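Take a look at the structure below.
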Ligand SMILES: Nc1ncnc2c1ncn2[C@@H]1O[C@H](COP(=O)(O)OP(=O)(O)OP(=O)(O)O)[C@@H](O)[C@H]1O
Ligand SMILES: [Mg+2]
């Protein structure tokens, strides 16, 4: 865990990343930097390239050109499991939990990467394997407590409210002791009360755990309230990059959002 104790020094550099699918340029020379223990939001209308960007950072897509560097490593040369091994954790736009397993078992899946016990020793439940399992359970429960899930460890994930399921996903991502957390629309489908609670949680992840967060989110109230910096994408291009106040007053951003008539308009929330 020693490498992870330097998580606060982590920094992500996205440099001129281009991704093409047949006929579509999903990302077109996009660059930005995520600072130390910062919340960096990526916003933009539907199809702007936000999820594609996440898929490049987590290694699911390989860009046609450009690079993504994290603590000096070029992520675009690594396979997804190696990127996860560097401490880059993500949640998905759609919930991906084991619905019939308890919250605790879902979190233990997150601990798996940190487990040293071999498969055979674990299956035989040798004393060292049992000790290691106990240690991970203690930490998983601690993280559940941090997310306000302490009283729900034994409940099947599928029986929780939508907001709590989103929390379990974030808890599971935190269980890998990440050095960078990617959240894809954590407040999607939430009511105003749940969204406000999610905002406080993301802020706590930055302030208390010192983990930088790359956040894709449509809810402008949430983004402008918690982000340190915002990158705006439109048709795969970087339209603007700055503080929330700079972004809100940027004429190009206002044009792009006023030009689309979905619910993504800055300031409107969704
Ligand atoms: N695997 C793929 N194959 C082909 N085209 C894709 C693929 N993934 C994304 N695209 C296209 O790339 C563009 C960007 O999509 P992306 O999903 O990154 O947008 P987004 O900003 O996440 O949108 P949303 O807000 O709807 O989630 C879109 O035109 C999309 O159709
Ligand atoms: Mg998306």
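A short reminder: the numbers here are calculations on the coordinates, not readings from a lab. Nothing here was measured: the structure is a model prediction, and the numbers come from that model. Every residue, glycine among them, receives a Cβ derived from its backbone with ideal geometry; neighbour counts consider all protein chains shown.
With angles folded into 0 to 90 degrees, how steeply does helix 162-174 sit against the dominant principal axis of the chain? Use alpha carbons for both and round to 10.
The angle comes out near 70 degrees.
What fraction of the Cα pairs in region 96-177, stated in percent, has a spacing above 17 angstrom?
43 percent
In which sequence would 137, 90, 62 go, from the one with the fewest C-beta neighbours within 10 Å to the one with the most?
Neighbour counts put them in this order, fewest first: 62, 137, 90.
Enter the angle in degrees (range 0 to 90, nearest 10) between the Cα long axis of helix 192-207 and the first principal axis of the Cα atoms of the chain, meaning the one along which they spread out most.
Helix 192-207 sits at roughly 70 degrees to that axis.
So what is the relative contact order for the chain, in percent, with contacts set as C-alpha pairs under 8 Å and at least six apart?
So the answer I get is 27 percent.
Take residue 210 and residue 101, extend 7 Å from each Cα along the Cα→Cβ direction, and tell me the distance between the two endpoints in nm.
3.1 nm
Just want the ordering: 67, 58, 161, from fewest to most Cβ atoms lying within 10 Å of their own Cβ.
In increasing order of surrounding Cβ atoms, one gets 161, 67, 58.
Starting with the fewest neighbours, write out 142, 11, 169 ranked by other beta-carbon atoms found within 10 Å of each beta-carbon.
142, 11, 169
Given an 8 Å cut-off on Cα distances and at least 6 residues of separation, report the relative contact order of region 96-177 as a percent.
It comes to 52 percent, rounded to a whole number.
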